[in-house]
Amino acid sequence: MMIQTIGIIGAGQMGNGIAHVLAAAGYDVLLTDTSNAQMQKALKVIEANMARQVGRGRLEEAEMASALSRIKTVAGLPELADADLVIEAASEDEDIKRQILSALGSILKPEGLIATNTSSISITRLAAVSGRPESFMGMHFMNPVPVMELVELIRGIATAEGTFSAIREVVVKIGKVPANAEDFPAFIVNRILMPMVNEAIYTLYEGVGTVEGIDSAMRLGAHHRMGPLQLADFIGLDTCLAIMQTLYEGLADTKYRPCPLLVKYVEAGWLGKKTGRGFYDYQGEKPTPTR
């Protein structure tokens, strides 16, 4: 099917990034969130990020103006009924996603496709609650979306070949590289990345190294662009914990047990950069370690 209008559910960090790249590629975007303030914030973030691209010569001013004009905020799910594709980018919480997808499946036009940006949850399980599993699949963008080149594509057990082909075409059109992954907990990237982040937190928890020591060691000793604790803050410690819990429960292997220190930080509301505090405190001029 021809995809031109794409709905996005969730105007947070991932949702606004997805809206950005879709609009820049010529798609009409309908962005919705339970919070109007969050939607307005998302529009400002998108505009600022596009302006940065213009400043670096990666986007023309006319292209930026045209892209921004293609993004429209809407009040709720009924406004997405005529979209050709809807991408769910809500919090990494299965109960929340199930509620959204169940409602969306009964509203969206019969030929409409649904994708979820989940980073770890079973696609087959989420597809089942949508009521249209053949038109459903995983479309996992990497963060930050405008910068990262990869999108994981995950079929559920019932995903139709036409659904996969149509969504893969979108990924290619927006200039991303698709990577096919099987429907196992956390797919490819987070199956490898999150245990490393969790092990870095254990290294801190056990006193093997300090926050700065651990991050410096991996930046300089392994040439990682960002230390694992800094990366965890950037992703969101609540998201890291949710992915580790999915791995631990889905694969029944103790090597995926979330570090107790990660659990404590999330319980304290120290979720990383988005809350101003995680393994680093971001409230001053320069991030400073909290341990």
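The values are calculated or read from the model by the stated rules, or taken from the named source; none is laboratory data. Predicted, not measured: the structure shown is a model, and the values here were computed from it. Every residue, glycine as well, gets a Cβ built from its backbone with ideal geometry; the counts of neighbours run over all protein chains shown.
Name the single residue, out of those in segment 54-64 being surrounded by 12 or more Cβ atoms within 10 Å (Cβ to Cβ) and modelled with pLDDT of 95 or more, that is farthest from residue 29 (Cα to Cα). Looking at the filtered set, the residue picked out is 54.
Every residue, every condition in (1) touching a residue at least 24 places away in the same chain (Cβ under 8 Å); (2) closer than 28 Å to residue 169 by Cβ, yes or no:
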residue: 31; (1), (2): yes, yes
residue: 34; (1), (2): no, no
residue: 40; (1), (2): yes, no
residue: 43; (1), (2): yes, yes
residue: 47; (1), (2): no, yes
residue: 50; (1), (2): yes, yes
residue: 53; (1), (2): yes, yes
residue: 56; (1), (2): no, yes
residue: 63; (1), (2): yes, yes
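One residue stands out among those in segment 101-113 that are of a type in the set (A, V, I, L, M, F, W, C) and buried (at least 21 other Cβ atoms within 10 Å of the Cβ): the one that is farthest from residue 244 (Cα to Cα), which is 108.
Which helices (runs of 4 or more DSSP H) sit wholly inside segment 83-179 and have at least 2 residues that are under 18 Å from the mean Cα position of the chain (by Cα) and either closer than 30 Å to residue 52 by Cα or of a type in the set (Phe, Trp, Tyr) (or both)?
Helices (runs of 4 or more DSSP H) meeting the threshold: 161-173.
Here residue 167 fulfils each of the conditions (1) over 25 Å from residue 45 (Cα atoms); (2) in contact (Cβ under 8 Å) with a residue 40 or more places away in the chain; (3) in contact with an Asp or Glu (Cβ under 9 Å, 6 or more places away or on another chain) apart from (3).
Scanning segment 1-15 for residues that are more than 15 Å from residue 77 (Cβ to Cβ) and either free of Cβ contacts under 8 Å to residues at least 40 places away in the same chain or touching an Asp or Glu at 6+ places or on another chain (Cβ under 8 Å) (or both) returns 1, 2, 3, 4, 12.
Of all the listed residues (28, 33), the sole one being acidic (Asp, Glu), crowded, with 16+ Cβ neighbours inside 10 Å and farther than 24 Å from residue 165 by Cα is 33.
Which ones in segment 47-74 are in contact with a strand residue (DSSP E or B) (Cβ under 7 Å, 6 or more places away or on another chain) and more than 25 Å from residue 163 (Cβ to Cβ)?
73
Going by the conditions given, is residue 152 among the acidic types (Asp, Glu) and surrounded by fewer than 16 Cβ atoms within 10 Å (Cβ to Cβ)? No. Per the listing 91, 122, 130, the residue uniquely closer than 28 Å to residue 189 by Cα, touching a strand residue (DSSP E or B) at 6+ places or on another chain (Cβ under 6 Å), assigned by TED's automatic domain parsing to the domain that holds residue 20 and polar (S, T, N, Q) is 130.
All but one of (1) at pLDDT 95 or above; (2) over 24 Å from residue 112 (Cβ atoms) hold for residue 16; which doesn't? Only one criterion is unmet by residue 16, namely (2). Restrict the check to segment 80-88 and report whether at least one residue is without any contact (Cβ under 8 Å) to a residue 24 or more places away in the chain and either assigned by TED's automatic domain parsing to the domain that holds residue 37 or at negative phi (or both). No - not one qualifying residue is present in segment 80-88. Looking only at segment 125-174, residues that are closer than 18 Å to residue 109 by Cα and touching a helix residue (DSSP H, G or I) at 6+ places or on another chain (Cβ under 8 Å) come to 13 in all. In segment 220-291, counting only helices (runs of 4 or more DSSP H) that sit wholly within it, the ones holding 3 or more residues that are surrounded by 23 or more Cβ atoms within 10 Å (Cβ to Cβ) and in contact (Cβ under 8 Å) with a residue 60 or more places away in the chain span 237-251. Look through segment 210-248, keep the residues that are among the acidic types (Asp, Glu) and under 30 Å from residue 95 (Cβ atoms), and return whichever of them is farthest from the chain's Cα centre (by Cα). The residue in question is 233.
Scanning segment 95-104 for residues that are over 20 Å from residue 17 (Cβ atoms) and either among the hydrophobic types (A, V, I, L, M, F, W, C) or modelled with pLDDT under 95 (or both) returns 101, 103, 104.
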